Amino acid sequence: MKALVYDEYATDDDFSKILKIKEIPEPKPKSNEVIFKVKAAALNYDDIWGMRGKPLAIPLPHISGTDAAGEVVAIGNDVKNIKIGDRVVSHGNMSCRVCKACTGGREFDCRKRAIWGFETGPLWGGYCEFTHLPEVNVVKIPEGISYDEAAAASMTLLTSWHMLVGRAKIQPGQLVLVMGGSSGVGNYGIQIAKLYGCTVIATASSDKLDKCLELGADFAVDHRKEDWHKEVRAISKKILKSGSDVSGVDVVFEHIGGTHWNKELTLLNYGGTIVTTGATTGYDAKTDLRHIFFKGVNILGSTQGTRAELEQGLYWMSQGKIKSIIDSTYSLEHAAEAHTKMLHGKGLFGKILIKPDL
């Protein structure tokens with residue numbers, strides 16, 4: 001079968017140097033596994049980390065791809081709930097399923113956890129014609145959701161759902177600030193907050209603000225401006241004057257980090273919550289502790305989520321309440337171009353897909 005493979009790291013971010021189309025054997029299912037023909041796969045930033053070999057030196061030779069959707073073509077003898085012909089999407093959080101964290105509903109904290117398509121291998125990911133996963137790591141795609149939409153949702157919808165619903169436990173009427181609303185997780189963050197009846201301020205670059213509003217955000221602010229946080233504060237005061245009891249942001253949906261961190265803290269309401277996953281502009285953020293203890297704010301970390309949370313998000317997609325925003329689609333042969341676009345982000349709004357059969 002055809003697969004997108006690299007067997008060395010790209011320390012200079014020239015992905016075209018390392019990404020090659022190779023013929024490798026088709027997988028055979030272990031007793032607990034399903035094999036599915038990949039119809040669509042979605043890019044994630046862990047693809048970049050993998051090709052850089054940082055922060056983890058991932059297994060080589062490597063096939064990336066954590067988010068993949070397709071049709072089941074073979075199953076192992078012990079597979080109980082999936083059958084040949086089912087439409088499935090990956091749940092990329094691989095855990096032991098028997099430890100205290102897993103049985104306590106926190107599979108994302110499993111000490112043996114590995115992200116499929118990033119930490120797994122050699123040659124085990126979604127950027128190929130056929131792939132394999134344990135039955136517990138695939139979810140049936142509900143009616144009304146395409147392979148493209150499911151692949152785009154796999155990690156990012158799960159991450160956003162866990163951040164807002166699982167961790168921040170958002171409530172109707174809250175004011176939610178979604179940082180980076182034009183990103184994959186940001187797109188879903190806006191929609192989930194609106195699903196829960198919240199008022200949403202989204203941030204993005206100036207050329208993407210209208211798209212955030214079209215997606216459901218009530219307000220949109222350019223976070224590349226030096227004083228972007230002052231505009232957010234002015235909006236929260238305007239809401240307060242309209243009769244709401246909101247005096248600041250109740251929940252900050254954070255995945256940018258870097259220089260934005262302290263500004264985000266200043267915007268929080270008393271008892272407010274900031275929930276963070278990732279730090280695309282830098283993880284070494286300085287914190288003014290006064291913003292935390294004076295207002296009694298909550299700082300929550302979040303990473304991925306549970307299989308059940310992915311199913312919850314997909315249910316609401318099937319009901320038409322959440323949609324996947326797909327920026328563009330590439331073939332395996334043009335994967336280097338796709339990853340470079342994701343890295344630089346210029347003009348990017350939503351998810352980038354790769355299709356083996358394109």
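Summary table below
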quantity	calculated
Selection within segment 1-15 - farther than 18 Å from GLY70 by Cα and surrounded by 13 or more Cβ atoms within 10 Å (Cβ to Cβ)	VAL5, TYR6, TYR9, ALA10, ASP13, PHE15
Options GLU231, GLU226; residue that is outside the structural domain of GLY347 (by TED's automatic domain parsing), over 18 Å from the mean Cα position of the chain (by Cα), in a helix (DSSP H, G or I) and without any contact (Cβ under 8 Å) to a residue 12 or more places away in the chain	GLU231
Residue check, SER205 buried (at least 24 other Cβ atoms within 10 Å of the Cβ) and either under 19 Å from the mean Cα position of the chain (by Cα) or of a type in the set (S, T, N, Q) (or both)	no
Close pairs from segment 132-158: first under 9 Å from SER324 (Cβ atoms), partner basic (Lys, Arg), Cβ under 7 Å, at least 6 apart	ALA152/LYS351; THR156/LYS351
Subset of segment 222-237 [of a type in the set (D, E, K, R) and within 11 Å of THR203 (Cα to Cα)]	ASP222, ARG224, LYS225, GLU231
Entirely in segment 297-358, the strands (runs of 3 or more DSSP E) that have 2 or more residues that are in contact with a Leu (Cβ under 7 Å, 6 or more places away or on another chain)	326-331, 351-355
Pairs, first of a type in the set (Gly, Ala, Ser) in segment 15-39, second surrounded by 15 or more Cβ atoms within 10 Å (Cβ to Cβ), C-beta under 6 Å, six or more apart	SER16/ALA336; SER31/GLY76
Matching helices (runs of 4 or more DSSP H) fully within segment 105-218 where at least 1 residues are farther than 24 Å from MET94 by Cβ	184-195, 209-215
Odd one out for ASP250, checked against (1) part of a helix (DSSP H, G or I); (2) within 28 Å of GLU309 (Cα to Cα)	(1)
SER331 being without any contact (Cβ under 8 Å) to a residue 40 or more places away in the chain, surrounded by fewer than 18 Cβ atoms within 10 Å (Cβ to Cβ), among the polar types (S, T, N, Q) and within 30 Å of ILE141 (Cα to Cα)	yes
Residue within segment 273-281 that is modelled with pLDDT of 95 or more, in a loop (DSSP other than H, G, I, E, B) and either within 30 Å of ASP12 (Cα to Cα) or not hydroxyl-bearing (Ser, Thr, Tyr) (or both) present	no
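The values are calculated or read from the model by the stated rules, or taken from the named source; none is laboratory data. None of these values were measured; they are calculated from a predicted model. Counting neighbours? That spans all protein chains shown, and the Cβs are built from the backbone with ideal geometry, glycine included.
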